[in-house]
There are 4 protein chains.
Amino acid sequence: MPYITLTVTCPDRRGLVAALAQFLSQQGANIIHAEEHRDTTSNLFYQRMQFDAAKVDSTSSLEKGLKKLAARFKMTWRLSYSETLQRVAIFVSKVDHCLYDLILRQRSRELRCEIPLIISNHETLRPVAEQFKIPFHCVPVDKTTREQSERAQMELLKQHRIDLVILARYMQVLSAKFVRAWPSRIINIHHSFLPAFAGGEPYRQALEHGVKLIGATSHYATANLDEGPIIEQEVARVSHRDQLGDLIARGRDLERLVLARAVRAHLEDRVIVCGKKTIVFS
Amino acid sequence: MPYITLTVTCPDRRGLVAALAQFLSQQGANIIHAEEHRDTTSNLFYQRMQFDAAKVDSTSSLEKGLKKLAARFKMTWRLSYSETLQRVAIFVSKVDHCLYDLILRQRSRELRCEIPLIISNHETLRPVAEQFKIPFHCVPVDKTTREQSERAQMELLKQHRIDLVILARYMQVLSAKFVRAWPSRIINIHHSFLPAFAGGEPYRQALEHGVKLIGATSHYATANLDEGPIIEQEVARVSHRDQLGDLIARGRDLERLVLARAVRAHLEDRVIVCGKKTIVFS
Amino acid sequence: MPYITLTVTCPDRRGLVAALAQFLSQQGANIIHAEEHRDTTSNLFYQRMQFDAAKVDSTSSLEKGLKKLAARFKMTWRLSYSETLQRVAIFVSKVDHCLYDLILRQRSRELRCEIPLIISNHETLRPVAEQFKIPFHCVPVDKTTREQSERAQMELLKQHRIDLVILARYMQVLSAKFVRAWPSRIINIHHSFLPAFAGGEPYRQALEHGVKLIGATSHYATANLDEGPIIEQEVARVSHRDQLGDLIARGRDLERLVLARAVRAHLEDRVIVCGKKTIVFS
Amino acid sequence: MPYITLTVTCPDRRGLVAALAQFLSQQGANIIHAEEHRDTTSNLFYQRMQFDAAKVDSTSSLEKGLKKLAARFKMTWRLSYSETLQRVAIFVSKVDHCLYDLILRQRSRELRCEIPLIISNHETLRPVAEQFKIPFHCVPVDKTTREQSERAQMELLKQHRIDLVILARYMQVLSAKFVRAWPSRIINIHHSFLPAFAGGEPYRQALEHGVKLIGATSHYATANLDEGPIIEQEVARVSHRDQLGDLIARGRDLERLVLARAVRAHLEDRVIVCGKKTIVFS
């Protein structure tokens, strides 16, 4: 059963929910699920409404009307159709667990998207891409060529009309310029419970600190590494018996689970960035 | 900051959300948080809306208007004011952990309610009630006098104008008649992960089955014991090292946590019974 | 660093730990990790000892000595060498998530075993086996031919010198005869939190009961379906918003995680069956 | 059934387990549960053995023998008798949830200890102490009098023959001198998932960072605040709907649970400090 999802951010004002609900009702929309939330810090109002696509009279009239309403209420909005799948590019380096996980979830239709592109700075994972018949592009990166590499990557994203970039354990830092070109459209997985153990070797740090839980964090990429708005986190228990290799193995489960949940939430338009944080609707 | 919460259940129909939102807006209500949900099995529509109390022009006009709207849309509704605390009676037998837990959470204002009454079939916990200066009534129960005991209990509930009954490890079965007189207003805690291990000795059963997780379940009481609509569940890990006493101790943490979460959700008007199940808004 | 693991079950008796530890010390064994446990119900004593393989003088003298000691103390024992990988057969039907998961964990050396054989009653997953170059045998099963099919399966297990059988969402019931031929060497994954929702459609049952957590259970297969000794269980939170498809998707994560943990524990000789239950050493 | 627990730390050496097990067997000890672990970083060996007290011939001969063995193997050891309860002092300031929790767990015999002393820098919680008839001493602390206050506190600990100090949300920093006088015998609860959000206002920091999980950490106090060896940690999920007050309420559950688990592990001699980390036997 096809449905349409509308997300809205705007300054809080009385009558907002009523105006939007009435407009949707006039367009024939029948609400399946909705959530509204006022953020008391920013005094912004956030809405997500899901409704039957079949009963909407005309999507062009729907979109036209929304534009008007948006102007009146200073809304930022986004309309998405369950039948129109987002196009996702996955960036990887050498480890394969997140890549396999995302592909298999997409194949089982748990993640409702298309994956027309995999980009890597190594050849290692080409066979995985080939198993699933997904175009694979190797764009080597080193310090001297980063600008040029990023140009090539952005060109690929453009060619393939990509909506969302997933950094699935891609071990390179993207430039501020790249990240700013894709605001709230690049999802990264960090292998620690941020803000603890930011940086390169979180499992080693966790082992040295003797923590009893390790974690993983999925967040939107921003210019400041490991500080983007957090979408999802999860932890797992470890003990004195665990060596570094055990932590890494346990961590793989966290990484793929947390990344998949964050990507799913994004694809279902359940995430809205709110300053340095996220609203994640249920 | 005082607020008002409105919960609504009604047959699904286009324009519902709009009509309600518009009415509220006209009354001066400014929505803080709201959630709407259509249950596809029953085709019923569920709403919960929270708004600033301060800006509402007149609560009598609000209530009058809601009555009209309710008639038009066949709504079941409930309006609650954050300043008007629900009055809660706690039923106990001999174990004290849930009782202490509920009282302490109420004292710390995590549970926004009054506790004017504790009823028990034993004298054991009278000192706890006295510590906190809460009226305690011992109503002994045995097979031959159950009807009479329940009459006494109901009289006490009436006298104290009780809104909600919590069975905090009360080890007696209430009659169908009693339960029906308090629909969706009696919350029980069962010390297992229902439907597994219903009945009297769940920890012993868990031990014998060799399960690796034990649980607790909070649900509304219905005529069929241990089968009321589930509000909340949680589990904890156990191992071959755990004896019956360890399971019981671990279970106490689950019981008080699960019961407190269920009671809190109920007091915040986040729970609506939907057939044999519950909607629990976030 | 290669190591040897010794697991022992025997009637409890004073001096047991000393006798075994002294024998191992005489053989040159240096203990890395050990755990001993007395089960008070059966009065049996369980030990697991892990020691450096490099320092052991002679494995034949080790094994000969153990035989003598075993006779004296009525021990059941098992010695395993980290360098000798167990040979695992995976039984599947049509769903692929557990199969992929087991293969990828084996490829990343998280599961230390060989997978020389996949058996299915359908052709569906042959391409997965081929991707990873694992021999795949389709043995169709129907009611009239079950005996014949099981003979063919057992022949394949024999040919490939299989140590452990994993039922990775294999949707056929194995006969009591088959199961008894592989005591504590067939691991099944059931897609519910057993003993709740045994049988064929656990997610549908979970949805109808309105439980707030769903689970998965990994256990050794026994003649009574869904009642074998439990090795591992895990749960995940669900809500009124989740449809059957959401439960199934959430459940896939549980199934593969729980199955992988159980298989890993088995391969590391951390599981000993103790009546209807298991000891799972840390 | 009374039992004795022996914990041992010593440099690793072949024959260690055998020598100790043989000695215990000669003394009549029958092992109930034991665990041995070699830490590969420090090359130290850790043992915990629990055995029936009833069958031990003579505790004085047991202790004398252990001293000899300890000299030979350079062992640090500790022998504890389940019948001899440790004496615990609880330090508090103004919040009561951890205090109530510890007392109630002690009263239900989940925590096997005596609580003969509560010390606070405020009068606020005196009534709680009085409810349970526990001596309460108010020792005010300010910058100019800290040394004098600590002398008074240490005198009280001495008078009451205290074995373990629990800082149950005690909001004062203890001097390095105090902490060093009680090595691995002061347990603190910090209201964050350390090392994230060390310092004074962790819930506010958590809110500002937009983390999706909050945590609590129990650790031994050391001279460097919030950096002592971690004993136990736990987390709970939060969302954009949660305000500071919700985080604090959720955190209270974590704090009391984590602190209670750490204290229980300590009282059961399951914790051994190993450099900056802890071994916590199961």
**Asked** How far is residue D:135 from the same spot in each other copy, in nm, shortest first, if each label point sits 7 Å from Cα toward Cβ?
**Response** 4.1, 7.7, 8.0
**Prompt:** How many angstrom lie between the C-alpha centres of segment A:93-114 and segment C:125-195?
**Reply:** 27 Å
**Request:** Compute the long axis of helix B:16-26 from its Cα atoms, compare it with the longest principal axis of the Cα atoms of chain B, and write down the angle in degrees, 0 to 90, nearest 10.
**Result:** 70 degrees
**Asked** Roughly what would the spin-label model give for residue A:57 and residue A:82, points 7 Å off Cα along C-beta, in nm?
**Response** 2.3 nm
**Complete:** So the angle from the long Cα axis of helix B:59-73 to the longest Cα principal axis of chain B, reported in degrees to the nearest 10, equals 90 degrees
**Asked** Which loop-located trypsin sites (Lys or Arg not before Pro) does segment D:97-179 contain, where loop means any DSSP state but H, G, I, E or B and the Cβ has at most 15 other Cβ atoms within 10 Å?
**Response** D:109, D:112, D:133, D:161
**Item:** Neighbouring partner chain Cβ atoms per residue of C:129-138, average, 10 Å criterion
**Value:** 1
**GluC sites (Glu not before Pro) restricted to DSSP loop in segment B:98-141 with at most 13 other C-beta within 10 Å** = B:123
**Fill in**
Between residue D:94 and residue C:64, the FRET efficiency computed from the C-beta separation at R0 = 60 Å comes out, to the nearest 0.05, as 0.30
**Prompt:** Once phi is turned into θ = phi - 60°, what whole-Hz ³J(HN,Hα) does the Karplus curve with 6.51, -1.76 and 1.60 give for every residue of segment A:271-282, x standing for Gly and Pro?
**Reply:** 10, 10, 6, 9, x, 8, 10, 10, 8, 10, 5, 6
**Asked** Computed FRET efficiency, Cβ-Cβ of residue C:246 and residue D:41, R0 41 Å: what is it to the nearest 0.05?
**Response** 0.40
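Around residue C:141, under 11 Å between beta carbons, what's the net of Lys plus Arg minus Asp minus Glu among the other residues? Don't skip to the end; give the middle numbers.
Values: positive: C:143, C:146; negative: C:142, C:147, C:150.
Once positives and negatives cancel, what remains is -1.
Taking only the C-alpha atoms, wrap a convex hull around chain A and report its volume per residue in Å³ as a whole number. Write out the running numbers ahead of the final one.
On the way: hull volume 41.3 nm³, N = 282.
Value for chain A: 146 Å³ per residue.
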**Under 23 Å between alpha carbons - lysine pairs in segment A:86-280 that sit 8 or more apart or on different chains** = 7
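What's the Kirkwood radius of segment B:3-81 in Å, using all Cα pairs?
Working: mean 1/r = 0.0794 Å⁻¹.
Taking every pair of different Cα atoms in segment B:3-81, averaging 1/r and inverting gives 12.6 Å.
Ignore the peptide's own chain and count Cβ atoms of other chains within 10 Å of each Cβ in D:204-217; give me the average, rounded.
Partner-chain Cβ atoms within 10 Å, mean over residues of D:204-217: 5.
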**Fill in**
In whole percents, the bins of 10 Å from zero upward hold the Cα-Cα pairs of the protein assembly as shown as 2, 9, 16, 22, 22, 17, 9, 3, 1, 0
**Fill in**
Residue-normalised 222 nm signal for the protein assembly as shown, counting each DSSP H run of n ≥ 4 as -39,500 (n - 2.57), nearest 500 deg cm²/dmol, is -10500 deg cm²/dmol
**Prompt:** Could you work out Rg/(2.2 N^0.38 Å) for segment B:118-244, with Rg from alpha carbons only?
**Reply:** 1.18
**Asked** Between segment A:1-43 and segment B:5-83, what is the C-alpha centre distance in whole Å?
**Response** 15 Å
**Item:** Listed residues B:137, B:191, B:33, most fluctuating in chain B (Gaussian network, C-alpha, under 10 Å)
**Value:** B:33
**Prompt:** What's the angle, to the nearest 10 degrees (0 to 90), between helix C:97-107's Cα axis and the longest principal axis of chain C?
**Reply:** 40 degrees
**Message:** Charges on Cβ only, +1 for Lys and Arg, -1 for Asp and Glu, centred on the Cα centroid of segment D:3-81; of D:32, D:66, D:80, which one is farthest towards the dipole's positive end?
**Reply:** D:66
**Message:** I want to verify a result. In a Gaussian network model of chain C, Cα cutoff 10 Å, which of these has the top mean-square fluctuation: C:266, C:160, C:190?
**Reply:** C:160
**Asked** Per residue of A:11-17, how many C-beta atoms from partner chains lie within 10 Å of its own C-beta, taken as a mean?
**Response** 6
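Read-outs: derived from the displayed coordinates by stated rules, not from any lab. Computed from a predicted model, the values in this text were never measured in an experiment. Glycine also receives a Cβ, built like all others from the backbone with ideal geometry; neighbour counts cover every protein chain displayed.
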